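Below is one structure, written out as structure tokens; comments come after it.
The values are calculated or read from the model by the stated rules, or taken from the named source; none is laboratory data. Since the model is a prediction, treat every value here as computed from it, not as a measurement. Cβ placement follows ideal geometry from the backbone for every residue including glycine, while neighbour counts extend to all protein chains displayed. Protein only, heavy atoms only, side chains kept; ligands, DNA and RNA dropped before computing areas. Shrake-Rupley method; radii C 1.70, N 1.55, O 1.52, S 1.80 Å.
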Amino acid sequence: MNAEPHAAPSSDRTADLLARLRGDLRRARFTVAALEALWGADAAASLHRGQRVPARRVLDARRAEHGSSADLATLAELFVLGVPVPGDDAARALPALGIDGAVELGLVARDGTSVSAALDLRPYAFTDARGNGEWWILSDLGELAIGGALGEQHVLGVGGASMTLAGLMLPTPAGSVLDLGTGCGILAMHASRLADRVVATDISQRALALAGMNLGLNGIEGVELRLGSLYDPVAGERFDRIVSNPPFVITPRTAGVPEYDYRDGGLVGDALVESVVRAAGEHLEPDGVAQLLGNWEYLDGRDGLARAADWADGLDHWIVEREVQHVTEYAETWIRDGGTRPGTAAFDRLYSAWLDDFDARGVDRVGFGYVLLRRRADMADVATEPSTRAGLARVERLHGPLGDVGSGLGGHVSDCLAAHDGQMSRSDAELAATRLTVAGDVTEERHYWPGDEDPTAMLLRQGGGFGRTVALDTGLAALVGACDGELAVGAIVGALAQLLEVDEEALAAELLPAARALIDDGMLLLPSE
Ligand SMILES: C[S@@+](CC[C@H](N)C(=O)[O-])C[C@H]1O[C@@H](n2cnc3c(N)ncnc32)[C@H](O)[C@@H]1O
């Protein structure tokens, strides 16, 4: 049974207060660019590193100089830096909402003559397939503002993982999107720019309340919020897309170890990510795509990435491992993330609990990466028509830096999926008759021993996308070099066989699979249909 949808915002009164807040934020020009101009790029960079001292010094100096604070600076101090401000300044900066309205919204608390933030509120700027956009995002106060470890019900704002997944989302329009584990609602908000209908779920009532406020504050409609665990709130429903930044952090189930809603789904090891992946097919329309981030354990000598691929069995999948951490580094990262500082007894106790859990289950490393799943059109119980599309089973380790991806990898991922389908639908004879071109971001690099005429290494470099590097031999280098859209692949291979004095069939058997791989990578392009 479906959970009751929550209205967004939850009442006319809340909607009215959020509209007033929106007006005040607009009036004060509370934008990413204005904040950066206010405290400068260096202080902004410090804030990204979790340090607010440089930004505070700039604002303190301005207050000392002018005797009071400009509205933008007041809002920045209060909501971004988490510093109490004089009540008069707050009242001036929020003229339509007023302090009473802000208290009613749960945005601030009065403390004598000053006002302090009860929520974090900051602008968030982005670029996607529809252009540039900017929203204001409410979330729980971070470690800087509360000055200690986070509460277990903490609702996260927009973090690195949220932005990675927002950038990875396929940019093409979709009928319906499910955002599983929506938190402050950021991915559902992004999805609303592509989809007619978005359903956003979370196990946390508080997260849904904040997501509802963010939708209301930013005037976004068409997103339905539902309470419940994993796919329970969407039982029996299918979507064109699923997006999830699930609570994938592996946490020991030991008394006294905090269980943070925002990052930990309450299961043992990587079982939560496994559950999200395994059940995705049941909630995807034919050809529907799920995209999520996840962790996978290297457990009992088993390759973690291969385990993740097993979870996706039966679905088309493309899984990219972006990094692997030893369990010690993993534990340090996540204990610190919760706001517990190294060098404290609490940190050491948690560290031991993490290592005990990993030891007990035979885990020595943890992988992190991107998972893309696609439901084949002919999967049982959906359609009887056999699929005309060949499968996708791509599992790779790409631990290096990405290429220059601008607003994110989504466009590249979408192009690579289409290219894969395009090359797989062609027989070898059809591919040989195809005129390929080299993608505009691809360059060739040659390395020579000093004095040698022949290169010792030839590399194809991808400037965008995953920033891939592919080693070339003489035949493949010559094939890529000749792919100018004029000559078909077979004609190039024939000419090369003559030039290199090798058997044409044997050369084709070598080069056609290599060309297919370069098409999959987005380095060679099929002609547009
Ligand atoms: C890492 S946060 C992601 C938030 C947001 N989507 C983002 O990308 O910033 C994970 C979210 O999953 C929620 N969550 C935890 N356990 C869950 C479960 N069993 N089912 C659904 N959501 C869950 C948490 O409350 C949290 O909001």
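Give the number of residues within region 502-529 that are at pLDDT 95 or above, over 30 Å from the mean Cα position of the chain (by Cα) and open to solvent by 30 Å² or more (accessible area, probe 1.4 Å).
9
Matching residues to (1) modelled with pLDDT under 95; (2) within 21 Å of residue 312 (Cβ to Cβ); (3) in contact with a strand residue (DSSP E or B) (Cβ under 9 Å, 6 or more places away or on another chain):
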| site | (1), (2), (3) |
| --- | --- |
| 377 | yes, yes, yes |
| 387 | yes, yes, yes |
| 390 | yes, yes, no |
| 395 | no, yes, yes |
| 413 | no, yes, yes |
| 428 | no, no, no |
| 433 | no, no, no |
| 449 | no, no, no |
| 462 | no, no, yes |
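Could you tell me how many of the residues in region 223-275 are at pLDDT below 90 and touching a Gly at 6+ places or on another chain (Cβ under 7 Å)?
4
Could you tell me which numbered condition residue 290 fails, if it satisfies all but one of (1) touching a helix residue (DSSP H, G or I) at 6+ places or on another chain (Cβ under 6 Å); (2) at pLDDT below 95?
Checking residue 290 against (1) touching a helix residue (DSSP H, G or I) at 6+ places or on another chain (Cβ under 6 Å); (2) at pLDDT below 95, the one that fails is (2).
From the list 195, 211, 207, pick out the single residue that is in contact with a Ser or Thr (Cβ under 7 Å, 6 or more places away or on another chain), more than 8 Å from the ligand (Cβ to nearest atom) and open to solvent by less than 10 Å² (accessible area, probe 1.4 Å).
Just one listed residue meets the conditions, 211.
List the residue pairs whose Cβ atoms are under 7 Å apart, where the first residue sits in region 354-373 and is on the phi < 0 side of the Ramachandran plot and open to solvent by 10 Å² or more (accessible area, probe 1.4 Å), the second is of a type in the set (Lys, Arg) and part of a strand (DSSP E or B), and the two are 6 or more positions apart or on different chains.
As it stands, the answer is 368/322; 370/322, since those pairs meet every condition given.
From 175, 133, 183, 148, which residue is closer than 29 Å to residue 235 by Cβ, more than 13 Å from the ligand (Cβ to nearest atom) and in contact (Cβ under 8 Å) with a residue 24 or more places away in the chain?
Result: 175 is the single residue among 175, 133, 183, 148 that is closer than 29 Å to residue 235 by Cβ, more than 13 Å from the ligand (Cβ to nearest atom) and in contact (Cβ under 8 Å) with a residue 24 or more places away in the chain.
Among what's in region 254-275 and is surrounded by fewer than 20 Cβ atoms within 10 Å (Cβ to Cβ) and more than 14 Å from the ligand (Cβ to nearest atom), pick the residue that is nearest to residue 173 (Cα to Cα).
257
Testing residue 290 on (1) away from the ligand (no atom under 11 Å from the Cβ); (2) open to solvent by 30 Å² or more (accessible area, probe 1.4 Å), one condition comes back false. Which one is that?
(2)
Hey, can you tell me all the residues within region 221-241 that are assigned to a loop (DSSP other than H, G, I, E, B), within 13 Å of the ligand (Cβ to nearest atom) and open to solvent by less than 40 Å² (accessible area, probe 1.4 Å)?
Scanning region 221-241 gives 228, 231.
For region 89-109, indicate whether the set of residues that are acidic (Asp, Glu) and within 16 Å of the ligand (Cβ to nearest atom) is non-empty.
No, that holds for no residue.
Could you tell me whether any residue of region 298-310 is under 24 Å from residue 188 (Cβ atoms) and either assigned to a strand (DSSP E or B) or away from the ligand (no atom under 16 Å from the Cβ) (or both)?
No: region 298-310 contains no residue that is under 24 Å from residue 188 (Cβ atoms) and either assigned to a strand (DSSP E or B) or away from the ligand (no atom under 16 Å from the Cβ) (or both).
With respect to residue 499, is the statement that it is in a helix (DSSP H, G or I), within 25 Å of residue 454 (Cα to Cα), open to solvent by less than 20 Å² (accessible area, probe 1.4 Å) and not charged (D, E, K, R) true?
No; evaluated as a whole, the condition is false for this residue.
Could you name every one of the helices (runs of 4 or more DSSP H) located completely within region 40-129 that has at least 1 residues being open to solvent by 40 Å² or more (accessible area, probe 1.4 Å), out of contact with any strand residue (DSSP E or B) (no Cβ under 9 Å at 6 or more places or on another chain) and within 30 Å of residue 165 (Cβ to Cβ)?
In region 40-129, the matching helices (runs of 4 or more DSSP H) lie at 53-66.
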